[in-house]
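To start, the structure under review is shown below, and the notes come after it.
The values are calculated or read from the model by the stated rules, or taken from the named source; none is laboratory data. All values reported here derive from a predicted model rather than from experimental measurement. Cβ atoms come from the backbone with ideal geometry, glycine included; neighbour counts cover every protein chain shown. Heavy atoms of the whole protein, side chains included, go into the accessibility calculation; ligands, DNA and RNA do not. Shrake-Rupley method; radii C 1.70, N 1.55, O 1.52, S 1.80 Å.
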Amino acid sequence: MTFCHEVHNFSAGPAAMPAEVMARAHEEFRDWHGTGMSVLEMPFTHGDFPGIMESARAKLRRLLSIPDNFHILFLQGGASAQFSLIPMNLLAPGEHAVYIETGHWSVKAIQEGRCFGDIRIGASSRITGFTSVPQITDWCVAPHARYCHITSNETANGLAHHRHPDTGAVPLVADMTSDFLARPIPMTNYGLVYAGAQKNIGPAGLVVVVIRDDLVHSPRQAVPPVFSYQAQVEANNRLNTPLTYSIYLADLVFDWIEAKGGVRSLYQRNWKRSQKIYQLIDQDGFYCCPVDTGYRSIMNICFRLPTADLEQRFLREAADAGLLNLGGHTQTGGVRASLYNALPDAAVETLFDFMIGFRLRYG
Ligand SMILES: *Cc1c(COP(=O)(O)O)cnc(C)c1O
């Protein structure tokens with residue numbers, strides 16, 4: 001297959017997939033391992049598919065060193081469904097949960113969660129325009145709170161919790177959609193971690209939920225059975241047809257991460273290449289990243305140019321040069337470069353050079 005020119009896809013999600021994964025999926029599409037069947041055509045209860053799902057689960061457990069007292073579920077509805085399902089499963093009437101508000105996605109989690117429970121804001125960086133993460137010493141989390149929710153990486157605002165907060169006996173719940181598998185996770189800090197797949201794992205619609213044993217109990221409110229953590233754990237994640245093909249693609253991505261040396265090695269690379277772009281941004285006043293230096297995302301680099309006109313020109317010329325999907329989130333504007341795991345180093349180099357050239361031309 002040939003393209004007119006090479007393109008680099010900086011999409012915030014659905015995002016670029018690893019080229020090796022696409023090639024392997026393409027090769028196996030019609031006939032998986034000589035079975036004469038596509039994974040799309042396999043029954044989910046017997047034959048080869050259960051093995052594919054087990055393999056995906058085992059690899060993910062290895063990649064993130066997930067202890068045995070955590071369950072891994074592949075569910076549907078994307079990350080957003082979890083905004084409602086977490087309180088529905090975990091919060092009984094009279095109980096409350098605490099959310100840390102740091103940007104677009106935590107605001108959504110709070111708004112949607114409030115339809116299903118008493119949700120209080122334990123700390124917020126709204127006053128800064130979501131350019132920092134509140135210090136944990138300023139978080140107000142009552143010891144009887146049912147859980148504390150964070151958004152580990154704010155995809156739209158470009159900021160992140162670089163530390164893994166210790167919330168003591170209050171289970172920490174994290175939306176890790178946009179930095180899952182981009183850095184190691186000390187799972188003992190967490191009670192529940194979830195991630196929509198379309199950033200670092202695979203196709204949209206799939207959401208990975210990693211949940212500690214003691215949080216798997218009968219839902220505290222009425223919940224459709226397919227969305228009950230307990231019912232799915234008891235059915236070994238096969239209460240209904242899971243997203244078979246998406247899980248297969250996730251399995252290939254997990255293979256790819258192992259071949260890349262694992263999550264720690266990707267993290268080092270992700271850190272290094274994001275710092276390269278941030279350093280360029282900070283060189284003079286032409287580019288500007290509003291996020292405080294201690295909280296800048298290693299996945300989504302958000303920055304501005306001196307004028308809206310220049311931003312439009314930047315995006316236009318970048319697209320002409322094959323650098324695609326660099327527009328900021330619809331609510332925040334500006335420029336956003338998403339440097340997810342699958343983005344090749346060459347794309348970051350090309351962006352770096354383009355940014356230098358653009359500044360020379362218009363700075
Ligand atoms: C993309 C994203 C979501 C939304 O994911 P859907 O699968 O579209 O629901 C939620 N949280 C974060 C942090 C995201 O980046």
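Distances between placed amide hydrogens fall under 5 Å for residue 149 paired with 98, 99, 100, 173, all partners being 5 or more residues away or on another chain. Placing R0 at 51 angstrom, the Cβ-Cβ distance between residue 144 and residue 260 gives a FRET efficiency of 0.75 after rounding to 0.05.
Taking every DSSP beta bridge that has both ends in the chain, the antiparallel portion is near 55%.
Protein-only accessible surface at a 1.4 angstrom probe places the residues 313, 361, 212, 183 in the order 361, 313, 212, 183, largest first. For the range 90-166 versus the range 297-329, the spacing of their alpha-carbon centroids is 29 Å. Using the Cβ-Cβ distance between residue 69 and residue 288 with R0 set to 35 Å, the FRET efficiency from 1/(1 + (r/R0)^6) comes to roughly 0.20. Step through the residues of the range 241-258 one at a time and calculate ³J(HN,Hα) from phi using the Karplus curve (6.51 cos²θ - 1.76 cosθ + 1.60, θ = phi - 60°), rounding each to whole Hz and writing x for Gly and Pro. In residue order, the calculated couplings are 5, x, 6, 4, 5, 5, 5, 4, 5, 4, 4, 5, 5, 5, 4, 4, 5, 4 Hz. For the chain, the dipole from Cβ point charges (+1 on Lys and Arg, -1 on Asp and Glu) about the Cα centre works out to 520 debye, to the nearest 20. Extending 7 Å from Cα along the Cβ direction at residue 127 and again at residue 29 yields two label points whose distance is 5.4 nm. When the GluC sites (Glu not before Pro) in the range 65-160 are filtered for DSSP coil states and for at most 16 other beta-carbon atoms within 10 Å of their beta-carbon, the remaining sites are 95. Potential lengthening of the chain between residue 309 and residue 275 amounts to 9.6 nm, from the contour at 0.36 nm per residue minus the alpha-carbon distance.
Rounded to the nearest 10 square angstrom, residue 44 shows an accessible area of 40 square angstrom against a 1.4 Å probe. Label reach from residue 38 (point 7 Å along Cα→C-beta): in the range 253-271, no amide nitrogen lies under 14 Å.
Derived from the Cα gyration tensor, the three semi-axes of the equivalent ellipsoid of the range 272-348 are 18, 16, 12 Å, largest first.
With the charge dipole of the chain set up from +1 on Lys and Arg Cβ and -1 on Asp and Glu Cβ about the Cα centre, the Cα lying farthest toward the positive end among the listed residues 121, 42, 326 is that of 121.
Residue-wise HN-Hα couplings along the range 64-80, as the Karplus relation 6.51 cos²θ - 1.76 cosθ + 1.60 with θ = phi - 60° gives them from phi, are 10, 6, 7, x, 5, 7, 10, 9, 10, 10, 9, 10, 10, x, x, 5, 4 Hz; Gly and Pro carry x. What is the sum of charges, Lys and Arg at +1 and Asp and Glu at -1, for the other residues whose Cβ falls under 14 Å from the Cβ of residue 60? Here the charged neighbours net out to -1.
Each residue of the range 220-227 was assigned a 3J(HN,Hα) from its phi angle through the Karplus expression (A = 6.51, B = -1.76, C = 1.60, θ = phi - 60°), giving 7, 9, 5, 9, x, x, 5, 9 Hz with x at Gly and Pro.
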